[in-house]
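Written out below as structure tokens is the structure these notes cover.
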Amino acid sequence: MSLHYDHADVIIVGGGMVGLTLACALKDTGLQIVIIERGEAPVRKSLDRDCRVSAIVMGNVKLLQGLGVWKYLEQDACPMRSMRIWDNQEQGGIRFDACEIGEDALGYLIENSCTQRAMHKTLLESDTVEFCSPAEISEVIWLDDKVEVKLADGRLLSTPLIVGADGGRSWIREQAGIGVWQRDYKQKAIVATVRPERGHNGVAFQRFLPTGPLAMLPMSDGLCSIVWSAENSEAERLMAMDAKTFLEALNVTFGPVLGRISEAGDRSAFPLIGRLAKHFVRERVALIGDAAHCIHPLAGLGVNLGLRDAMVLAQEIVDARRYEEDWGEPSVLDRYMKQRLPDVLSIMGSMEGMHQIFTSSIPGLKEVRGLGMRLMGNSGAIKQLLMRNSTGVSLPVPKQIS
Ligand SMILES: Cc1cc2nc3c(=O)[nH]c(=O)nc-3n(C[C@H](O)[C@H](O)[C@H](O)COP(=O)(O)OP(=O)(O)OC[C@H]3O[C@@H](n4cnc5c(N)ncnc54)[C@H](O)[C@@H]3O)c2cc1C
């Protein structure tokens, strides 16, 4: 696509769910936004559905409603009314119900490609957002008062702020010289769409196994999406199985909760690597979404953190303009980082803790874990606090960016 201007108020590199959220948040502000996307990956289908599915928690559903994205999305979204977690089939299980926090759903399960499509439709309503794709950046040049971005086809753009929304292996992060703390979980997540015999009734199931968690997430038409995280060697064994053997392994591992799982679509595997950028910002650069932090998908919160990054950054940019500040300056960008770090660190810490608790083989830990889950299940107050925090409903409803 040809660009209409050679200067943008904000350049967003990466048109994934998080980069598009930032563009949606800024689309009515009058700021000129350019999104540079190298070319979206083809959708990997499983039983004719996108095998990449995300649980968007209730707090962020409200955010998408506020941005005008939800109206294009709700017909594709399956409500998650409750969640059941257990580490063996007999005892120690815990159940979270949306009604316990006064909501209809804890969140919604949505295919990633549907979310992106809905965001694209929302952006079509704006004439200040330009989508430049497929496009490769060949060079980023940092000057005192702006950044220059050279595209591989020779075009040159300038901006006061470049935003890296280009995922876990962010090229922008690398160009900005920002290092990462990295943790290889030595696991892969296998995803696929499956068909259980019984209706799921909007219940999400998570079974913790010594080799990693197996999630069964409700989708529309009675289908479910699985996210089966397993140590690399076990994941490779599961991926190498033929369809019939894999289905058998899935039935044995998940158990009979939803009756027999009669069909499993094509599988894809994703290596699980935790990452935290050592800085979320530097002069004229801000990182959002997986470019800033990648977490284990066991609680399905990765993109949820990214959506909140996008909203906070959008508000800081707009506030800076209102007060005639330069929004590429570290003093402005630091405000974004300071607001996001506590949320990101607390979610990353909880994910790491859960991963350790459920995979560690320390003698006696299994019994303590079972007791802890039972205590939590019986304690209304602790459970409610956990649910309100993880679904984001206790966070302030994001303001309309204006
Ligand atoms: C198996 C699995 C299950 C998950 N389930 C959930 C869940 O239930 N809930 C949840 O909240 N999170 C979940 N996550 C995490 C979630 O998928 C990620 O957090 C989310 O996709 C990150 O979005 P993003 O836009 O930051 O990055 P990405 O989705 O990686 O998008 C980055 C975009 O940038 C583009 N790009 C990259 N490099 C360049 C470049 N140099 N130039 C131009 N464009 C570029 C890419 O093409 C891509 O479109 C899951 C993750 C996995 C692996």
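With respect to being in contact (Cβ under 8 Å) with a residue 40 or more places away in the chain, within 10 Å of the ligand (Cβ to nearest atom) and assigned to a helix (DSSP H, G or I), residue 307 fits the description. Here segment 1-12 is the region considered, the condition is being in a loop (DSSP other than H, G, I, E, B) and at pLDDT 95 or above, and the residue that is farthest from the ligand (Cβ to nearest atom) is 9. Any idea which residue in segment 32-50 is nearest to the ligand (Cβ to nearest atom), counting only those that are within 27 Å of residue 317 (Cα to Cα), buried (at least 19 other Cβ atoms within 10 Å of the Cβ) and not acidic (Asp, Glu)? Across segment 32-50, the extreme among qualifying residues is 36. Taken residue by residue, segment 80-93 has at least one member that is buried (at least 22 other Cβ atoms within 10 Å of the Cβ) and within 12 Å of the ligand (Cβ to nearest atom). Go through the residues of segment 296-311 one by one and say whether even a single one is in contact with a strand residue (DSSP E or B) (Cβ under 7 Å, 6 or more places away or on another chain) and farther than 22 Å from residue 53 by Cβ. The answer is no, given that none of the residues of segment 296-311 is in contact with a strand residue (DSSP E or B) (Cβ under 7 Å, 6 or more places away or on another chain) and farther than 22 Å from residue 53 by Cβ. Of the residues making up segment 153-170, just one is within 10 Å of the ligand (Cβ to nearest atom) and aliphatic (A, V, I, L, M), namely 165. Scanning segment 276-295 for residues that are in contact with a strand residue (DSSP E or B) (Cβ under 6 Å, 6 or more places away or on another chain) and away from the ligand (no atom under 11 Å from the Cβ) returns 276, 277, 280, 284, 285, 286. The criterion of at least 3 residues that are surrounded by fewer than 19 Cβ atoms within 10 Å (Cβ to Cβ) and within 17 Å of the chain's Cα centre (by Cα) is met, among strands (runs of 3 or more DSSP E) falling completely within segment 208-287, by 268-277.
Right, residue 15: in contact (Cβ under 8 Å) with a residue 24 or more places away in the chain, buried (at least 24 other Cβ atoms within 10 Å of the Cβ), of a type in the set (Gly, Ala, Ser) and assigned to a loop (DSSP other than H, G, I, E, B) or not? When the stated conditions are applied, residue 15 passes them.
Listed here are the strands (runs of 3 or more DSSP E) enclosed by segment 29-96 that have at least 2 residues being out of contact with any helix residue (DSSP H, G or I) (no Cβ under 8 Å at 6 or more places or on another chain) and within 25 Å of residue 166 (Cα to Cα): 33-36.
A single entry from 313, 301, 333 fulfils the requirement of being surrounded by 22 or more Cβ atoms within 10 Å (Cβ to Cβ), within 10 Å of the ligand (Cβ to nearest atom) and touching a residue at least 12 places away in the same chain (Cβ under 8 Å): 301.
On the given criteria, is residue 25 crowded, with 24+ Cβ neighbours inside 10 Å, within 15 Å of the ligand (Cβ to nearest atom) and not in a helix (DSSP H, G or I)? Criteria not met by residue 25. Of all the residues in segment 152-189, those that are assigned to a strand (DSSP E or B), over 18 Å from the mean Cα position of the chain (by Cα) and under 16 Å from residue 139 (Cα atoms) number 5.
With in contact (Cβ under 8 Å) with a residue 40 or more places away in the chain and closer than 22 Å to residue 206 by Cβ as the only criterion, which of 84, 38, 44 stands out?
84
Quick check: is even one residue across segment 333-343 in contact with a His (Cβ under 8 Å, 6 or more places away or on another chain) and within 30 Å of residue 187 (Cα to Cα)?
Yes, there is a match, as at least one residue in segment 333-343 is in contact with a His (Cβ under 8 Å, 6 or more places away or on another chain) and within 30 Å of residue 187 (Cα to Cα).
Among the residues of segment 136-180, none is identified as at pLDDT below 95 and surrounded by 22 or more Cβ atoms within 10 Å (Cβ to Cβ). Here segment 142-156 is the region considered, the condition is being without any contact (Cβ under 8 Å) to a residue 60 or more places away in the chain and not hydrophobic (A, V, I, L, M, F, W, C), and the residue that is farthest from residue 326 (Cα to Cα) is 153. All told, residue 166 falls short of being under 30 Å from residue 282 (Cα atoms), out of contact with any Lys or Arg (no Cβ under 9 Å at 6 or more places or on another chain) and among the charged types (D, E, K, R).
Condition check ((1) in contact (Cβ under 8 Å) with a residue 60 or more places away in the chain; (2) of a type in the set (A, V, I, L, M, F, W, C)) across all residues:
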residue	(1), (2)
23	yes, yes
32	yes, no
48	yes, no
52	yes, no
58	yes, yes
65	no, no
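Restricted to segment 94-129, and to residues there that are at pLDDT below 95 and under 30 Å from residue 154 (Cβ atoms), the residue that is surrounded by the most Cβ atoms within 10 Å (Cβ to Cβ) is 126.
The values are calculated or read from the model by the stated rules, or taken from the named source; none is laboratory data. All of these numbers come straight from a predicted model, not from anything done at the bench. With ideal geometry, Cβ positions are generated from the backbone for all residues, glycine too; neighbour counts draw on all protein chains shown.
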